[in-house]
Amino acid sequence: MAVNETERRAMTRALELAALGPRGVNPQVGAVILSPDGTVLAEGWHRGAGTPHAEVDALSKLGPGAAQGATAVVTLEPCNHTGRTGPCALALIDAGVARVVYALDDPGEVSGGGAERLRAAGVSVDAGEQARTAHAVIDGWLTAQRLGRPHVTVKWAQSLDGRAAASDGTSQWITGPVARADVHRRRSLADAIAVGTGTVLADDPALTARDGATLYAHQPVPVVIGARSTPVDAAIRRHPHPPIFHATHDLSAVLGDLHERGIQSVFVEGGPTLASAFVAAGLADRVLVYLAPVLLGGDRLALTDVGVASIADAHRLTIDEWVPLGVDLLAVARPALGIESRVESRAEPRTEARTEEGVA
């Protein structure tokens with residue numbers, strides 16, 4: 001059964017509801033319950049660990065029997081396990097829901113499988129609606145679940161000829177104020193912001209996320225990677241969060257430690273050396289390239305060695321968005337073997353789709 005326009009609108013609303021939930025060890029999930037004629041009966045979202053899941057939150061607002069024959073539209077596959085709360089798939093079955101539309105499969109070996117349980121109970125299930133948008137909402141959680149590390153966004157600003165700075169090393173400002181404001185907004189959405197020691201020593205960045213002169217309510221934890229020591233009077237030491245220092249070049253080890261600390265998303269903007277290292281290691285889940293309409297020439301490249309010896313080795317990307325930002329342009333990209341290989345298709349069963357979960 002194909003997803004209809006009413007269900008699509010409900011999914012858009014469910015995604016808005018999901019964003020109301022807190023980022024953390026649990027995914028942000030939203031749900032909308034529709035009557036058989038398409039009327040919205042109830043809405044819900046997950047408010048954090050130990051609270052009702054989105055589907056149960058929505059069902060709790062209905063009287064006995066009110067969900068009989070209804071459609072549940074959910075941003076993540078209804079769970080199939082008992083933790084602090086019971087399985088959402090069973091709650092939907094017990095409520096008499098006749099159809100479930102969801103965006104993304106739950107990758108958990110324990111929590112996944114809700115779709116199969118629903119189908120076994122005679123519930124119609126359709127998966128994959130607005131999957132890419134849903135993925136963006138919980139990409140950190142999904143990467144943590146699948147790979148045991150945070151989701152990594154690598155950002156850099158460059159001239160049209162691919163330079164990050166002029167020949168004398170000056171780089172403020174390649175991009176204009178609109179682009180810089182966008183960077184700060186995106187910083188505020190991350191759990192951590194990472195730079196190399198070279199950037200700390202050269203630029204003395206504060207690594208805060210600011211809305212003009214005001215700090216955003218959420219500040220990413222600063223992370224410094226590299227063996228060189230950070231001066232005691234460095235601006236980063238006055239950050240609202242104590243910096244995390246990693247005197248290593250082992251990026252997998254760094255991400256593993258951050259994962260253990262509960263960090264699910266990392267915003268990397270530590271200059272060409274660190275950005276190139278993450279790209280070369282295959283650890284860049286998203287790339288943000290801010291393009292300024294200037295030409296600089298010289299050898300101050302925005303990226304250095306990323307492990308490409310020939311064109312066959314190139315890191316292929318898929319562009320998700322081109323975003324005009326004043327005089328500048330932002331390219332939002334991801335590895336070409338990205339969401340298509342991670343998000344299970346509407347027609348494929350889970351057992352086939354899980355063969356692709358090693359790529360995040």
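The values are calculated or read from the model by the stated rules, or taken from the named source; none is laboratory data. Just so it is clear, the structure is predicted and the values come from calculations on it, not from any experiment. Neighbour counts are summed over all protein chains in view; Cβ atoms, including those assigned to glycine, are modelled from backbone coordinates with ideal geometry. Remember, those area values only see protein heavy atoms, side chains included, never the ligands or the DNA or RNA. Shrake-Rupley method; radii C 1.70, N 1.55, O 1.52, S 1.80 Å.
The candidates GLU129, GLU16, arranged from most to least accessible area with a 1.4 Å probe in the full protein assembly, appear as GLU16, GLU129.
Go through (1) 23.1, 70; (2) 19.5, 62; (3) 22.3, 72 and flag the label whose value is the computed Rg and Dmax of the Cα atoms in Å for this structure. Correct label, based on the coordinates given: (3). Roughly what percent of Cα-Cα pairs across segment 141-238 reach past 18 Å? Distances greater than 18 Å cover 57 percent of the Cα pairs. The dipole here belongs to the chain: it is taken about the Cα centre, uses +1 on the Cβ of Lys and Arg and -1 on the Cβ of Asp and Glu, and is about 620 debye.
Computed over protein heavy atoms with a 1.4 Å probe, the accessible surface of the chain works out to 45 Å² per residue.
Sorting ARG117, ARG286 on solvent-accessible area from highest to lowest, probe radius 1.4 Å, gives ARG117, ARG286. Helix 5-18 and the long axis of the chain differ in direction by around 60°, with both axes built from C-alpha atoms. With only the Cα atoms considered, segment 228-337 has a convex hull volume of 178 Å³ per residue. For the listed peptides 75-81, 49-55, a ranking on the average number of other beta carbons within 10 Å per residue, highest first, reads 75-81, 49-55.
A Förster radius of 51 Å combined with the Cβ-Cβ distance from ILE311 to ALA66 puts the calculated FRET efficiency at roughly 0.25. A helix-only calculation puts the chain at -7000 deg cm²/dmol for mean residue ellipticity at 222 nm, using -39500 (n - 2.57) for each DSSP H run of at least four residues, averaged over all residues.
In whole Å and largest first, what semi-axes does the C-alpha gyration tensor of segment 20-178 yield when each eigenvalue is scaled by 5 and square-rooted?
40, 17, 14
Taking the average, over residues, of other Cβ atoms within 10 Å as the packing measure, peptides 191-202, 214-225 rank 191-202, 214-225 from highest down.
Quick one: angle between helix 177-187 and the longest Cα principal axis of the chain, in degrees between 0 and 90, rounded to 10, please. Taking the Cα atoms of the chain, the angle to 177-187 is about 60 degrees. Gyration tensor analysis over the Cα atoms of segment 183-280 returns equivalent ellipsoid semi-axes of 19, 16, 13 Å (largest first, whole Å). Grab the other residues whose beta carbon is less than 13 angstrom from that of ARG187, score K and R as +1, D and E as -1, and report the net. Net charge in that neighbourhood comes out at +1.
Length gained on full extension, LEU189 to GLU321: 45.7 nm, using 0.36 nm per residue less the C-alpha separation.
Given a Förster distance of 22 Å, report the FRET efficiency between GLU5 and SER124 from their Cβ-Cβ distance, rounded to the nearest 0.05.
The computed FRET efficiency comes out at 0.80.
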